[in-house]
1. What is the distance, in nm, between label points placed 7 Å from the Cα along the Cα-to-Cβ direction at K116 and at N21?
2. Strictly over 28 Å apart at the Cα level, which of K27/K103; K84/K119; K67/K103 would you flag in this model?
3. Based on alpha-carbon centroids, what's the gap between the range 14-69 and the range 81-135 in Å, whole number please?
4. Using only the alpha carbons of the range 5-131, determine the length spanned along each of the three principal axes and report them from longest to shortest in whole angstroms.
5. For the chain, what is the charge dipole size about the Cα centre, in debye to the nearest 20, if Lys and Arg each add +1 at the Cβ and Asp and Glu each add -1 at the Cβ?
Amino acid sequence: MKNKVGKTDQANELDLFLSSNYNELTKKYVTTFRLETSQIFTTFRYEIDVEETFHDNQITFKLIGLKTPRLLIPGGGPATFEKKYASLKGNYIVEIIGIDKRKNVFEISISKYKIKVIKTPEEKFINICIQNFLK
């Protein structure tokens, strides 16, 4: 049985949501990187299979494909991947490598209360969205 796929009106294939929040339990700031497909799946909420590396100030997310959710509960929505890092501060290079080997490289700056995009690629297949921590 084929899975029905719907598209949003966005031109890019993925959205990268960056947010920073304070974790009361660990007493640290946590930066969340969340990837979502622009495609809406009607049967399941798939997970994006990603190889993640973090070396020095470079974070790389290499997309492998989609995988079925851990719980096979029916429901629609985009495929997602989420990674949280504690206590990031400074400038970082974020590289996202698509399944087709295309690369998007962003430079971001992370401070205690703010995430700022410094540089974006000319030809993007990813939208980047920032949600800053409000004190």
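1. About 2.5 nm, to one decimal.
2. From the list (K27/K103; K84/K119; K67/K103), the Cα-Cα distance tops 28 Å for K27/K103.
3. 11
4. Each principal axis gives a Cα extent; for the range 5-131 these are 39, 39, 25 Å.
5. 400
Taken together, the values in this text are just the output of simple stated rules run on the coordinates, not laboratory data. If you're wondering where the values come from, they're calculated on a predicted model, not measured in any experiment. Cβ coordinates were reconstructed from backbone atoms using ideal geometry, including for glycine residues, and neighbour counts include every protein chain displayed.
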